[in-house]
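Laboratory data are not the source of any read-out in this text; all were calculated from the coordinates shown. In this text, all values refer to a predicted model and were calculated from it rather than measured experimentally. Reconstructed Cβ throughout: ideal geometry from the backbone, glycine too, with neighbour counts over all protein chains shown.
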Amino acid sequence: MPNTLSPEWLKKSVFKPDIFKGKVVFVTGGAGTICRVQTEAMILLGADAAIIGRRPEVTEKAAKEMAELRPGAKVIGVGNTDVREVKSLVAAAERTVKELGRIDYLICGAAGNFLSDFNHLSSNAFKSVISIDLLGSYNTVKACFPELRKNKGSILFVSATLHYYGIPFQTHVSAAKAGIDALSNALAVELGPLGIRSNCIAPGAIAGTEGIDRLLPADMREKALSLIPAQRWGQTEDIANGTVYIFSEAASYVSGTTIVVDGAGWHTSNGAANNAVYPQMLIAQGNDTPKL
């Protein structure tokens, strides 16, 4: 897919150009919509980047496209990497250091999601999401820890707001993201004395992303939008801005917290998610034969 941002973004950005010059960001899920725009912003502001993914052709294509954002930018695509396997990530980290020289920032964004009520959510399906989202995030930090310790780096986990309230069809993701929040907080305390910061960013409803396109039915979108206090869908650029802030020196005293970028939507949007399915659809689904 084409780049979301362009050099024109710098002209209206509140951030000073080259604030990340000489730094390297290591990104899992970097070929996806949200993590890609996070990476693009970092590159435009001077960072080099390693895009980590399972499919080499997708990962390498995204890296090549993003390298065109800034003259002299070094962006590598590291495919055939499975975040569920720590040794796979160690190899990716080693290649990144070999080719780019260091790792300063992590964006842990590899994730899996789909809609399923509890009764039809198999144990293996639940485990798969936990393994990619939560274990994958842990493994990413573990693999890059020597570099983070050496460079007094910063970690940013891509979380969500689903687990702030009960929401149907998202048991698996809610559990995974709640675990990520807890992991980030624990690492902020444990790694803080080593000079490492750890935070989460929690996107709300972002236009043009899989989260809306796949997970929010078309007939529910008007109601969902009306319940967002900011009265608009989020844009990927909103997530990019939050990411740059967290990694910048402006946030040097910010650790162990979650930056929620959702227009205050999580405070009001639970009803929109539940109205069309609660409780009638869930009763019907719950009376089916359980999927183990």
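Of note:
- Near Asp18: Cβ cut-off under 14 Å, other residues only, Lys/Arg at +1 and Asp/Glu at -1. The net charge is +2.
- The helix-based estimate of mean residue ellipticity at 222 nm for the chain, built from -39,500 (n - 2.57) per DSSP H run of four or more residues and divided by its residue count, is -13000 deg cm²/dmol to the nearest 500.
- The value of relative contact order for the chain, using C-alpha pairs under 8 Å at least six residues apart, is 18 percent.
- Estimated vicinal HN-Hα couplings, Hz - the stretch 198-213 in sequence order (Karplus 6.51, -1.76, 1.60; Gly, Pro = x): 9, 9, 10, 10, 10, x, x, 7, 10, 4, x, 10, 4, x, 7, 4
- Neighbour-count ranking [beta-carbon atoms within 10 angstrom, fewest first] of Thr258, Thr4: Thr258, Thr4
- Surrounding net charge for Val158, when Lys and Arg each add one and Asp and Glu each subtract one, Cβ distance under 14 Å: -3
- Euclidean distance between Cα centres, the stretch 6-52 to the stretch 55-91, Å: 14
- Estimated D of the stretch 155-292 in µm² per second, where Rh is the Kirkwood radius over Cα pairs and Stokes-Einstein applies at 25 °C, 0.890 mPa s: 149
- Gained length - Glu190 relative to Ala230, 0.36 nm times residue gap less alpha-carbon distance: 10.8 nm
- Helix axis angle, 236-247 relative to the chain longest principal axis, alpha carbon, degrees: 50
- Nonlocal amide H pairs with Val261, under 5 Å, H built at 1.01 Å: Ala202, Gly204
- Based on alpha-carbon atoms, the Kirkwood radius and the radius of gyration of the chain give Rg/Rh equal to 0.97.
- A Cβ-based charge dipole, computed about the Cα centre of the chain with Lys and Arg at +1 and Asp and Glu at -1, lands at about 620 debye.
- Extension gain, Ala218 back to Ala178 (0.36 nm per residue minus Cα-Cα distance, nm): 11.7 nm
- Peptides ranked, highest mean first, by Cβ atoms within 10 Å: ranges 38-47, 121-130, 167-176, 196-205: 38-47, 196-205, 167-176, 121-130
- Helix 86-100 axis, angle to the chain major axis (alpha carbon atoms, nearest 10°): 40
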